[in-house]
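The values are calculated or read from the model by the stated rules, or taken from the named source; none is laboratory data. What you see is a predicted model; the values in this text were computed from it and never measured. Cβ: placed from backbone, ideal geometry, glycine included. Neighbour counts: every protein chain shown. The protein model used for the area step is the full one, side chains on, heavy atoms only, and it has no ligands, DNA or RNA in it. Shrake-Rupley method; radii C 1.70, N 1.55, O 1.52, S 1.80 Å.
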Amino acid sequence: MSGVAHVRAVAMLAAPILFFTAQAHAADATPLPPVDIESPEVVTLDDLGYQPLTQSSVSNVDLLKSLARTNDTASLFSDEPGVTLYKAGGVSNLPVINGLNDDRVRVVIDGMSIASTCPNHMNSPLSYIDPTNVGTASVIAGLTPVSMGGDSIAGTINVNAPAPIFGDSGAVTLQAAKISSFYRSNGDGLSNSVSATVANDKVSLSYAGSAAQSDNYSGGGDDGEVRSSEYKSLNQSVTLAAREGQHLVVLKVGQQFTPYEGYPNQYMDLTDNRSTSVNGRYEGTYDWGQLDGSAFWQNVNHAMNFLDDKGGVATGGMPMNTKSDAGGYTVKASIALKGGDVLRIGNELNLLRLDDWWPPVTGSMMMSPNTFVNINGGKRDRLGTFAEWDAHWSESWSSELGVRNDTVWMDTGNVQSYGCGMMCAADNAAAIAFNAADHKRSFVNFDLTAIAKYEANETSALEFGYARKSRAPNLYELYAWGRGSMASRMIGWFGDGNGYVGNLDLDSEVAHTLSATADFHAPQRSWEVKVTPYYTYVADYIGVTKIGTLGSFSQFQFVNHNAALYGLNLSGKTQLWNSSEMGEGTLKGTLGYVHGRDLTTDGDLYHIMPLNASVTLEEVYDNWAGHIQLQGAARKHAVDTLRGEPQTPSYLLVNLGTSYTWNHVRVDFGLDNLFDKAYDDPLAGQSLGDLKATGVLRPVPGLGRSINLGLTLSL
């Protein structure tokens, strides 16, 4: 029996079981606990049922510490178990979970499931929310419940703005206000943010705005300036919320404007990105359970060209434009069953329309006379439906079983090259071949998650299970058609200088994951240790095959291979002291290891983080807090030689930080990379911005020493 047949059989068996179980228990249903919509902590449907041990959240303490260090929201997760980062622009790093990256990770922002709409993935999903406007941030690195997954195989990142704040009377008053300013010496970076909320006991109105900018940063030691690493980004949003009893409605309108963002590991830079989004959601608690619904629309206008380090645009450069519209809805219900069980059912729709075109450059022999049409009316629509059962079998045993179907429909129109005669011969021929082909594709994917948890006592728990996850190709993996050297180099989010070509024959990736998590802790969690080994086999993993040589680089086409990844995530903390004389001292740390192999080529998978770890000593004494962190990685020797991936040496960094809060004032001071250590980030790719200026190719250097200052005033 095939893998699809297996899943269909399981789904056919599970669906009636879930249905009749719900019917049998409906009369004896136990109401779910009410949602406290005044709480600053976001209560989700998943809080009401099974909570995976691999789900971790960025604490408020860690969030506040990070604000002085970064303008990149993805970096908030850098200390979470199993999470690493593809380095990209200053506000646009790409998350990696257990060795699986970018589109393989589901990213949800305020209920919006959005994706990059750029051939280089410059406008990554997490770039659309500034760290200063993050209220909660969580990640599941492992066995993801089907209600939190869909069209992804790695895990799920969920980021929300602060929950609405309401007053306690009918009078409209100022409930909260905050203004912050941060300075980072490396890159001469400056960011400012402001937020305010007025509300009564029924209606709340909030505004949040931020602006961040930085010049090129410098690497440690003698690495010098890292060219094309400057950026500027502005975000603002208005949120209107209303409540009545156990019902909450929220409407949010947001805008982002990024006038420029350099990319040291890409040939191109971002020269304009404008986004407008409208997002509404409803949360309601009923006698039978809880209902959640949301809908969104996002418009993006995106432009790429060369910033000054790569030659600027005095002679026209190489303009590349993208326009996209995305929208969708999600409806999810949690139904209370007898014995504390929860049946969760849901449906979601995600629509994407995208145009990608490169205007001709006057006077250019290669980039004229026509507009290069890269993607013409690209369409990617996804409809997902799931059912999930959280069961409590005894005081010690609980489980979660979920099945899900996602169907993805894709299409695009005809394309054209610049039409520059023999110099465009490869692209001219490729356009003719692409236009002659049928572009419509559909992918019918099925997911399954089965997890069991055993809590032997109040100090230990064991979770183990299996997950089958699927992801359909993105628009560029399927439809990028250019075969010329320049056209193919413009495709790719890997930061390696190679060229990439799409493939109309791609199938969906299907990942099979076995994982277990052991959680040992004190009754009040004054100490805790979590260890998670995992193994993932990915059928039809979207890898590459070499189809040409581009000077010192190569040209690849996306193809389906088989791959396997295995690894271990370890995290822990312990309270070292806690007294009125010394305050509270805590030691915490994480360690991650993953190894990935392309089973088709018998080579190492691309961009896999080597063994890495961090250890942090934290001290809190009255209004003062401080920390010292050791952060490092082993030598990266397992590299994808086919793509020319560089090996990187091991490194160890020392970071310091402290803060003092007095009434409504908070002051932050920190030192990143205290000893100005020179190092190469293992997942940062090749420094193409420096190559343009110096003729020397090197890995992108890591950030050198930076003095970070912050001042926050709040009411």
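Only residues that are of a type in the set (Gly, Ala, Ser) and either under 14 Å from residue 82 (Cα atoms) or not in a strand (DSSP E or B) (or both): list them for region 611-633, please.
Here is the first cut: in region 611-633, the residues of a type in the set (Gly, Ala, Ser) are 613-614, 625-626, 632-633.
Selection gives 613, 614, 633.
Just name the residue that is most open to solvent (accessible area, probe 1.4 Å) out of those in region 163-210 that are among the acidic types (Asp, Glu) and touching a strand residue (DSSP E or B) at 6+ places or on another chain (Cβ under 9 Å). Looking at residues that are among the acidic types (Asp, Glu) and touching a strand residue (DSSP E or B) at 6+ places or on another chain (Cβ under 9 Å), I get 188.
Please find, among 324, 334, 364, 294, the residue that is at pLDDT below 95 and surrounded by 15 or more Cβ atoms within 10 Å (Cβ to Cβ). Please lay out each step first, then the result.
Details: 324 fails: at pLDDT below 95; 334 fails: at pLDDT below 95; 294 fails: at pLDDT below 95.
On inspection, the qualifying residue turns out to be 364.
Could you please find all residues in region 386-397 being surrounded by fewer than 17 Cβ atoms within 10 Å (Cβ to Cβ) and in a strand (DSSP E or B)? Before the answer, list the steps.
As a first pass, look at region 386-397 and keep what is surrounded by fewer than 17 Cβ atoms within 10 Å (Cβ to Cβ): 393-397.
Result: 397, single match.
For region 71-104, the set of residues classified as among the hydroxyl-bearing types (Ser, Thr, Tyr) and either open to solvent by 10 Å² or more (accessible area, probe 1.4 Å) or closer than 15 Å to residue 475 by Cα (or both) consists of 75, 78, 84, listed by residue number.
Run down 101, 123 and say which single residue is touching a Ser or Thr at 6+ places or on another chain (Cβ under 8 Å) and touching a residue at least 12 places away in the same chain (Cβ under 8 Å).
On the way: 101 fails: touching a Ser or Thr at 6+ places or on another chain (Cβ under 8 Å).
Every option except 123 fails the conditions.
Residue check: is residue 663 at pLDDT below 95, surrounded by fewer than 16 Cβ atoms within 10 Å (Cβ to Cβ) and out of contact with any Cys (no Cβ under 8 Å at 6 or more places or on another chain)? In short, yes. Of the residues making up region 226-263, those that are closer than 24 Å to residue 168 by Cα and either touching a helix residue (DSSP H, G or I) at 6+ places or on another chain (Cβ under 8 Å) or open to solvent by less than 20 Å² (accessible area, probe 1.4 Å) (or both) are 241, 248, 250. Do you know which residues across region 566-610 are among the small types (Gly, Ala, Ser) and free of Cβ contacts under 8 Å to residues at least 12 places away in the same chain? Result: 579, 580. Considering region 282-291, and only residues there that are buried (at least 21 other Cβ atoms within 10 Å of the Cβ) and of a type outside the set (Val, Ile, Thr), the residue that is nearest to residue 351 (Cα to Cα) turns out to be 283. Of all residues in region 105-147, those that are buried (at least 24 other Cβ atoms within 10 Å of the Cβ) and closer than 18 Å to residue 405 by Cα total 7.
Of the residues making up region 337-361, those that are within 19 Å of residue 147 (Cα to Cα), of a type in the set (A, V, I, L, M) and open to solvent by less than 40 Å² (accessible area, probe 1.4 Å) number 3. Of 504, 514, all but one fail to be part of a strand (DSSP E or B), of a type outside the set (Asp, Glu) and open to solvent by 20 Å² or more (accessible area, probe 1.4 Å); the exception is 514.
With respect to residue 58, determine if the residue is out of contact with any helix residue (DSSP H, G or I) (no Cβ under 6 Å at 6 or more places or on another chain), touching a residue at least 60 places away in the same chain (Cβ under 8 Å) and among the hydrophobic types (A, V, I, L, M, F, W, C). Please lay out each step first, then the result.
Numbers: out of contact with any helix residue (DSSP H, G or I) (no Cβ under 6 Å at 6 or more places or on another chain): no; touching a residue at least 60 places away in the same chain (Cβ under 8 Å): yes; among the hydrophobic types (A, V, I, L, M, F, W, C): yes.
Judged against the criteria, residue 58 is not a match.
Every residue, every condition in (1) β-branched (Val, Ile, Thr); (2) modelled with pLDDT of 95 or more; (3) open to solvent by less than 50 Å² (accessible area, probe 1.4 Å), yes or no:
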position: 613; (1), (2), (3): no, yes, yes
position: 616; (1), (2), (3): yes, yes, yes
position: 627; (1), (2), (3): no, yes, yes
position: 630; (1), (2), (3): no, yes, no
position: 648; (1), (2), (3): yes, yes, yes
